[in-house]
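Written out below as structure tokens is the structure these notes cover.
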Amino acid sequence: MAERSRIHLEVEGLVQGVGFRPTVHRLTTQLALSGFIRNTPQGAELELEGQPDQVAQFVPLLQQQAPVLARIRRVSTVSIPPTGETGFHILPSVGQHAPDTQVSPDVGICPDCLREMRDPKDRRYRHPFLNCTNCGPRFTIIQSVPYDRERTAMGAFPMCEDCQGEYTDITDRRYHAQPTCCLNCGPTLTYLDGTGTAVEGDPIRLAQAHLREGDIVAVKGLGGFHLACLPEYASLLRTRKEREGKPLALMCADLDAARTLCYISRSEEEALTSWRRPIVLLKKHDPAPDVLSHTPELGLMLPYTPLHYLLMEGFSALVMTSANPSDCPVFIGNREAVEGLQGIADGFLLHNRDIVTRCDDSLVRIFRGEEYPLRRSRGYVPQPVEVPVPVQGLLGCGAEQKAGFALGKGKDALLSQHIGDLKNMETLEHYETQLHHFRTLFGVEVEGLACDLHPDYLSTQVAQQLAREWSVPLLPVQHHHAHMLSCMADNRLEGPCIGLVWDGTGLGTDGTIWGAECLAGDALSFTRLGSIFPISLPGGDACARDAGRIAHSLRYAAGLETNPQDMLTLQLRAGLNCPPASSMGRLFDGVYALLGGSSPVHYEGESAIRLEHMAQAGVTQALPVEMETVDGVCRLQTPALTVALLEGLQQGQSPHLLAAQFMNAMVELAVRQCQFARAQTGLDRVVLSGGVFQNMYLLPRILDALAAQGFEAYHHSRVSTNDEGIALGQLMAAAARRKEG
Ligand SMILES: [Zn+2]
Ligand SMILES: [Zn+2]
């Protein structure tokens with residue numbers, strides 16, 4: 001017998017339910033290896049035997065050809081004596097299934113399935129629900145674990161004989177593909193008219209015909225309903241949906257169609273075509289505001305289900321926006337959608353596979369070649385965010401407006417999908433349902449909770465109730481501290497850092513509203529070292545929608561408000577319902593209004609985005625930055641800034657120039673506050689977090705300016721910089737507190 005060798009391998013990571021064993025089987029056949037594979041709680045265990053040179057090729061080939069969904073963390077190999085074993089065997093799993101290896105995000109249709117769908121000779125020709133081991137619905141159809149068909153929405157569709165044959169054949173690319181189906185055994189489509197009455201005919205052709213006529217069609221998708229229409233009818237959609245201001249995303253037939261609308265770089269192309277299929281924010285060819293987007297940017301995505309590909313035939317692009325009444329969660333049930341979209345949708349393209357878990361489209365932009373998440377949801381969730389410390393059994397309950405939670409398992413943070421604004425009752429219900437779904441899905445017993453410091457946040461109230469119910473400790477975490485910790489975890493940083501956190505509003509430890517914070521500290525504690533002088537917000541929350549009030553307040557504080565009988569002036573002078581806020585978001589709102597930005601603010605952060613696009617290019621001067629240190633906090637003199645801004649306007653300088661000069665001043669502010677913090681603490685690592693860093697004028701300039709001063713500056717890349725990322729920071733605070741005992 002020729003010389004043989006045998007190795008024992010342990011593979012750690014996500015390798016179950018992702019087509020790993022078929023890949024191994026294919027490679028062992030190719031390399032003429034014998035042996036076995038079995039699943040273990042950590043991943044998989046293998047023994048392989050054959051010609052030494054063939055055995056040696058296995059691991060490199062495995063790493064090259066691993067299935068798209070596999071996440072191999074570690075492969076350890078040891079040589080063992082050959083046994084002369086023949087054949088390759090798949091052995092039963094060892095020990096209990098580790099549920100966290102079982103839940104994958106939803107995966108956009110793969111090229112193989114797309115080819116079959118378009119092949120008239122294939123038995124799945126034009127099948128709207130085909131999928132395989134490498135693609136298809138996952139998170140949105142899984143009811144419970146272990147992951148198999150009975151515990152998914154596909155349990156209602158027993159496999160036909162042909163599908164069953166493929167499912168059990170290890171050489172088939174549908175081996176153990178739980179949701180696999182064909183035209184004989186899979187879900188089916190129906191088309192209903194606007195009144196909810198079924199219409200005879202091919203549902204896809206009917207939907208296409210109505211779209212071509214300018215109708216708005218509700219389309220049941222993967223994680224919820226979309227409202228679809230031709231781009232030229234977008235204003236009708238806006239009117240019916242009462243969705244002012246917020247940009248609308250388009251689904252493009254393919255990359256070429258996307259390129260006719262926007263510039264697309266190599267990394268943007270990668271994001272668009274990745275199996276996650278997020279909406280990618282791209283630069284429009286024509287930067288002018290249009291009905292889809294008031295900025296020079298537009299969100300585009302490519303089709304991600306076979307149904308989308310069939311629907312898009314004959315269209316270059318369709319508006320695809322989530323179908324939800326304002327602030328409510330997106331519809332997932334057929335009946336609720338048909339009832340709830342009366343008067344909005346002219347027709348309904350439905351199917352009979354249930355959406356178990358609601359999951360909106362994700363939204364990313366590409367920043368310096370990397371994804372910069374703005375909404376981390378479908379295609380990303382529930383893939384864990386690995387963090388540097390154990391977080392097992394901890395739960396961060398998040399903020400309120402962009403709610404979301406983070407559940408700890410081992411060193412993984414399991415972040416929820418996009419939830420929405422909890423002040424809406426249905427959204428709050430969705431939040432609580434998902435909290436419990438995640439706990440059971442991932443088998444995590446909660447031992448400790450963290451929430452925002454704000455007692456009125458509904459997420460805080462849920463956390464308090466759960467802490468009582470489960471008799472576990474609850475740690476309130478200051479809003480901006482949580483932001484800072486989120487960005488540290490995102491970058492796998494431990495130990496003390498400077499955190500520059502700029503956002504709308506969050507409750508500070510002194511009971512006032514914060515939002516322009518330069519903090520220093522670690523996961524246990526922090527010191528506030530920088531901020532801005534507070535701005536009075538006449539009417540409190542009313543200011544979030546009416547930036548004119550903040551402009552008035554800025555003028556008043558600078559002594560430039562001349563009409564003493566004005567209602568707002570009287571209110572400011574009396575200090576009636578004028579909470580002070582040291583908030584960068586509110587400062588941006590006020591400056592935007594001072595510069596003549598007239599449109600009302602439709603959503604948090606809109607002014608920051610509008611100022612970004614208002615700014616003239618190539619401006620290097622900055623408005624003067626005056627600072628004063630009071631009680632150890634180095635603060636921007638906002639009145640001095642207002643005076644300089646209004647003087648500029650009086651001298652006839654353009655708002656575009658002044659917008660740039662204002663933001664340049666904020667860059668200088670960032671650097672000087674970090675220098676102040678470094679002088680106090682000796683730290684030179686800075687993390688940037690908070691919704692204001694969605695502003696792409698500020699972010700690169702602050703990063704570069706800090707680097708030029710010898711700082712190591714970090715930004716988000718795995719979780720969102722806005723309040724969606726807060727839950728992760730809370731989780732890290734809870735982990736540090738637990739370790740401290
Ligand atoms: Zn596929
Ligand atoms: Zn079938």
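Here, each number is a calculation from the coordinates, and none is a lab measurement. All of these numbers come straight from a predicted model, not from anything done at the bench. Here the Cβ positions follow ideal geometry from the backbone for every residue, glycine too, while neighbour counts run over all protein chains shown.
Key figures
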quantity	calculated
Cα principal axis extents for the stretch 5-96, largest first, Å	30, 28, 20
Principal-axis tilt of helix 425-441 within the chain, Cα atoms, nearest 10 degrees	40 degrees
Whole-Hz couplings from phi, Karplus 6.51/-1.76/1.60, listed for the stretch 553-569; x for Gly and Pro	5, 5, 4, 4, 5, 8, x, 10, 8, 8, 8, x, 8, 4, 4, 5, 4
Highest to lowest packing among 367-379, 74-86, scored as the average C-beta count within 10 Å	367-379, 74-86
Ellipticity estimate at 222 nm from DSSP helix runs (n ≥ 4, -39,500 (n - 2.57)) divided over the chain, nearest 500	-9500 deg cm²/dmol
Karplus-derived 3J(HN,Hα), 6.51/-1.76/1.60, for each residue of the stretch 692-707, Hz, glycine and proline x	5, 7, 7, 7, 8, 7, 6, 3, x, 5, 5, 4, 5, 5, 5, 4
Principal semi-axes in Å for the chain [√(5λ), Cα gyration tensor, largest first]	47, 32, 23
Segments 443-454, 249-260, 578-589 sorted - mean Cβ within 10 Å per residue, highest first	578-589, 443-454, 249-260
Vicinal HN-Hα couplings computed from phi for the stretch 177-194 (Karplus, 6.51 cos²θ - 1.76 cosθ + 1.60; Hz; Gly/Pro x)	7, 4, x, 4, 6, 9, 5, 7, 10, x, x, 10, 9, 9, 10, 10, 7, x
5 angstrom amide H check on F88, placed H, neighbours 5+ away	G35
Long-range lysine pairs (8 or more apart or interchain), the chain, Cα under 27 Å	18
